[in-house]
1. Any residue at all in region 182-194 that's open to solvent by 50 Å² or more (accessible area, probe 1.4 Å), among the charged types (D, E, K, R), under 21 Å from Arg144 (Cα atoms) and without any contact (Cβ under 8 Å) to a residue 24 or more places away in the chain?
2. Which members of region 171-205 meet the condition of being among the small types (Gly, Ala, Ser) and either within 12 Å of Leu257 (Cβ to Cβ) or in a strand (DSSP E or B) (or both)?
3. Please determine, by comparing only the residues of region 27-40 that are in a loop (DSSP other than H, G, I, E, B) and either open to solvent by less than 40 Å² (accessible area, probe 1.4 Å) or free of Cβ contacts under 8 Å to residues at least 12 places away in the same chain (or both), which one is farthest from Thr137 (Cα to Cα).
4. Kindly state which helices (runs of 4 or more DSSP H) lie completely within region 212-300 and contain at least 2 residues that are farther than 30 Å from Leu127 by Cα and of a type outside the set (Asp, Glu).
5. Six or more apart or on different chains, Cβ under 9 Å: which pairs go from a residue in region 205-230 that's over 17 Å from Val277 (Cα atoms) to one that's among the β-branched types (Val, Ile, Thr) and not in a strand (DSSP E or B)? Could you list them?
6. Taking the stated definitions as given, is Ala155 closer than 18 Å to Val244 by Cβ and either open to solvent by 50 Å² or more (accessible area, probe 1.4 Å) or in contact with a helix residue (DSSP H, G or I) (Cβ under 7 Å, 6 or more places away or on another chain) (or both)?
7. Considering only residues that are out of contact with any Asp or Glu (no Cβ under 6 Å at 6 or more places or on another chain) and not in a loop (DSSP other than H, G, I, E, B), look in region 41-53 and name the one that is farthest from Pro177 (Cα to Cα).
Amino acid sequence: MMAKTQDLVRRLAERAEAVCRHYLSAGRRQGRYWQVGDISNTPGRSMFVRLQDSPNGPAGKWTDAATGEHGDLLDVIREALGLADFADVIKEARRFLSLPQPEFEERQACQRRASVPSGSPEAARRLIAISQPIADTLVETYLRGRGVTALLGTANLRFHPRCYYRPDHHDSTETWPAMVAAVTDLSGRITGAHRTWLALDGSGKAPVDVQRKAMGNLLGHAVRFGYAREVLAAGEGIESVLSVRELMPGMAACAALSAAHLAAILFPDTLRRLYIVRDNDPAGDGARDTLIERANTAGIETMALSPMLGDFNEDLRTLGRDAVRMQIRRHLAPEDVARFMLG
């Protein structure tokens, strides 16, 4: 099946300009390239599709200079028609090339190989794999807009420029930029992913009904920043945990993504002290109490870090760094103040 797909890509590349004229009609030819705004066929000049083989690469390959996104002509067909199933992309490509459609069994085999259950850990791993580091992306813009500037150790945060969004099965699929967070177990294996859809300029979250959604196996796991040994800070939301880490960038931390999942996080065998980055609500109280009980049973010292407002990101944005520093400092063990606290 892989060989047949590669043959299809080659055939499309031989007709690269015709493919572009059909699926990227808002663009135009510029020398050896087709130039258009983006893969959604927006007018503009950011995306370049190579129309001829060259030393820099084969025909049919494209790059969006604005986002760093790249791919082949099958991606162009998928995005132009909003196709979610790889088998449907193959079918459309064969239709465009006037090739006979494969037999039913072959289409089914293609679908089985290309598809994984929606929301599964494997789907999460695929999403993480096709996302990119956050440096110089809208994720960095978004986090800095929320007061988070200490981004070392955030490799488990990724950026996807066109992440699928659909509130439920009855709605049509949209695409928005997204912060994609890898959820991992204690060994670092990806078990899930969390998406935060962003505004097109990164100034905040996307104007959609459901701005955050998780997938995969989350129970006991978390989005991890740094490698936990003896000391760990654990909280609910990514932004809240990063706000605490803003003042203690050397401390390992993790975001469990909800109060219920925070209460169920697994402890590293080496852990000796746990800081609970709680949200200021009844669910946060419950997570704190459950974690204290579990940690005490395991012989782990616990200390709760409580925000003055709703959560530590609200504190950081509203009250400022000095207020957050003072609030955290009063709850730290003296040796951790010296070891982790900035200033």
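The values are calculated or read from the model by the stated rules, or taken from the named source; none is laboratory data. In this text, all values refer to a predicted model and were calculated from it rather than measured experimentally. Here the Cβ positions follow ideal geometry from the backbone for every residue, glycine too, while neighbour counts run over all protein chains shown. Note: areas computed on protein heavy atoms with side chains; ligands, DNA, RNA excluded. Shrake-Rupley method; radii C 1.70, N 1.55, O 1.52, S 1.80 Å.
1. Checked region 182-194: no residue is open to solvent by 50 Å² or more (accessible area, probe 1.4 Å), among the charged types (D, E, K, R), under 21 Å from Arg144 (Cα atoms) and without any contact (Cβ under 8 Å) to a residue 24 or more places away in the chain.
2. If the condition is that a residue be among the small types (Gly, Ala, Ser) and either within 12 Å of Leu257 (Cβ to Cβ) or in a strand (DSSP E or B) (or both), then Ala178, Ala181, Ala182, Gly192, Ala193 are the ones that fit.
3. Only one residue tops the list, namely Gly31.
4. 282-297
5. Going by the 9 Å Cβ cut-off, the qualifying pairs are Arg229/Thr270.
6. Criteria not met by Ala155.
7. The qualifying residue farthest from Pro177 (Cα to Cα) is Arg50.
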